[in-house]
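Structure, as structure tokens:
The values are calculated or read from the model by the stated rules, or taken from the named source; none is laboratory data. For clarity, every value in this text was computed on a predicted model and none was experimentally measured. Ideal geometry is used to build each Cβ from the backbone, glycine not excepted, and the neighbour counts take in all protein chains shown. Remember, those area values only see protein heavy atoms, side chains included, never the ligands or the DNA or RNA. Shrake-Rupley method; radii C 1.70, N 1.55, O 1.52, S 1.80 Å.
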Amino acid sequence: MARIQTTHVGSLVRPDELIAFLRQIDRKDPAYDAATHMDCLARSVQGVVAKQKEIGVDIVSDGEYGKTAWNYYVYERLGGIELRLHPPGEANFASVNENPTDWARFHEFYAEYFAKEQDYESPGGDWACVGEVTYTGGDAINRDTANLKAAMEANGVTEGFLPVVAPASCFPNLIDEHYGSEEAALMGIAEALREEYKAIVDAGLYVQIDDAYIPFMYDVIVPPGTMADYKAWAQPRIDALNHALEGIPEDRVRYHVCWGSWNGPHTGDIALRDVLDLMFQVKAKTFLFENANPRHEHEWRVWEDTELPAGKILAPGVISHATNVVEHPELVAERIERIARLVGPENVIASTDCGFAQGPYMQRVHESIQWAKLDSLAQGAKLASGALAAV
């Protein structure tokens, strides 16, 4: 058998030099120099790709260095969307209509936790669709694909991906003032996002669709809603994503879901088993999901009685982004092996649960720990490959 490949979810801790330029943009510093910033960005992508190769990551990303956040970046790349700012001091971590049950149950914890995350990249408001949604980010996505392709070529890396946001996760609280319904607005957004997705694939890269809100919103809707209410919310958003993916080869598409990257209790998370029917509707080949954190690690057993659809690949998280503890390579190998023995090692890629830095000003672990974890990922994949080949 071929060895188990390694990858990750995409976002990596940004270098201080790059962050400094983004700070200048945020405060509208007249000393900001765009050309110097772009040179720094290209060099930073070169460096992060070189480090991934050195560590042993097979399918690399640009670290999301060209984006301002994992999802809100798209506001800068779409026309027809207007931001409605929240009043000063209003919580802005997630634009949802209700608080998740986990946040209510542990409200003292979350008040303290989110107070430390005020630098999160959310602009803090709701988004209104005020006209036809158009894609205006051609220059930005062409820059990002060019930077990653150049870095891969310079470092002898053959496979790379760029993470981008799904229609469901870019504007969670979308207000439609143009299309006549939220579902129609979602389709308009999907058609615009298709241009971004296609540009990535046309550049010879994998496109990874990040869709954290699909699992996350269960905890917002249920209770008082039911599973049926949640599925009724999710289905139009899956349909919109598939609309965005029309004409894009499935074997070039990765689909990532998680239950939210924050290091919280997560007691209200939907079970993996209950979200699989939505996941596997997506026109993608590779599916990335959390499987290393203590709330979801047990769900590897789902594959004991769930048949993996033909032609699909699982990229379970075998490294957690949400703890400073560096997983032992033998534990990583164990996590890989138990799923690979159920679905076939040819159908498994070893990955991380989520990104290490959802935006330039936020990091889940220190950069040194991030690289130690990815090194453990690569070592564990080698151990698992040897054990699976010996069977």
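Kindly indicate whether GLU54 is at pLDDT 95 or above and part of a loop (DSSP other than H, G, I, E, B). So GLU54 fails the test.
Remark: pairs (first residue in the stretch 373-389, free of Cβ contacts under 8 Å to residues at least 24 places away in the same chain and closer than 29 Å to ALA357 by Cβ; second residue open to solvent by less than 10 Å² (accessible area, probe 1.4 Å) and not in a helix (DSSP H, G or I); Cβ separation under 8 Å; 6+ apart in sequence or on different chains) are absent.
Condition check for ALA128 on (1) surrounded by 23 or more Cβ atoms within 10 Å (Cβ to Cβ); (2) under 20 Å from TRP233 (Cβ atoms): one failure, at (1). Of the listed requirements (1) surrounded by fewer than 16 Cβ atoms within 10 Å (Cβ to Cβ); (2) polar (S, T, N, Q); (3) not in a strand (DSSP E or B), ASN147 misses just one: (1). The set of residues in the stretch 62-87 being aliphatic (A, V, I, L, M) and within 20 Å of VAL257 (Cα to Cα) consists of ALA69, VAL74. Any idea which residue in the stretch 300-332 is surrounded by the most Cβ atoms within 10 Å (Cβ to Cβ), counting only those that are among the aliphatic types (A, V, I, L, M) and touching a Lys or Arg at 6+ places or on another chain (Cβ under 8 Å)? Out of the qualifying residues, it is VAL318. When residues in the stretch 336-355 are screened for being surrounded by 24 or more Cβ atoms within 10 Å (Cβ to Cβ), modelled with pLDDT of 95 or more and closer than 30 Å to LEU41 by Cα, 4 of them pass.
Please enumerate the residues belonging to the stretch 334-373 that are of a type in the set (D, E, K, R) and in contact with a strand residue (DSSP E or B) (Cβ under 6 Å, 6 or more places away or on another chain). ARG335, ASP353, LYS373, listed by residue number.
Filtering the stretch 356-380 to residues that are in a helix (DSSP H, G or I) and open to solvent by 20 Å² or more (accessible area, probe 1.4 Å) leaves GLU367, SER368, ILE369, TRP371, ALA372, ASP375, GLN379. Summed over the stretch 231-278, residues that are among the charged types (D, E, K, R) and open to solvent by less than 30 Å² (accessible area, probe 1.4 Å) total 2. Candidates in the stretch 189-203 are the residues that are touching a helix residue (DSSP H, G or I) at 6+ places or on another chain (Cβ under 7 Å) and among the small types (Gly, Ala, Ser); of these, the one that is surrounded by the most Cβ atoms within 10 Å (Cβ to Cβ) is ALA190. Scanning the stretch 150-188 for residues being part of a helix (DSSP H, G or I), touching a residue at least 60 places away in the same chain (Cβ under 8 Å) and surrounded by 22 or more Cβ atoms within 10 Å (Cβ to Cβ) gives a total of 7.
When the residues of the stretch 14-47 are filtered to those that are of a type in the set (Val, Ile, Thr) and under 14 Å from LYS67 (Cβ atoms), the one that is modelled with the lowest pLDDT is ILE25.
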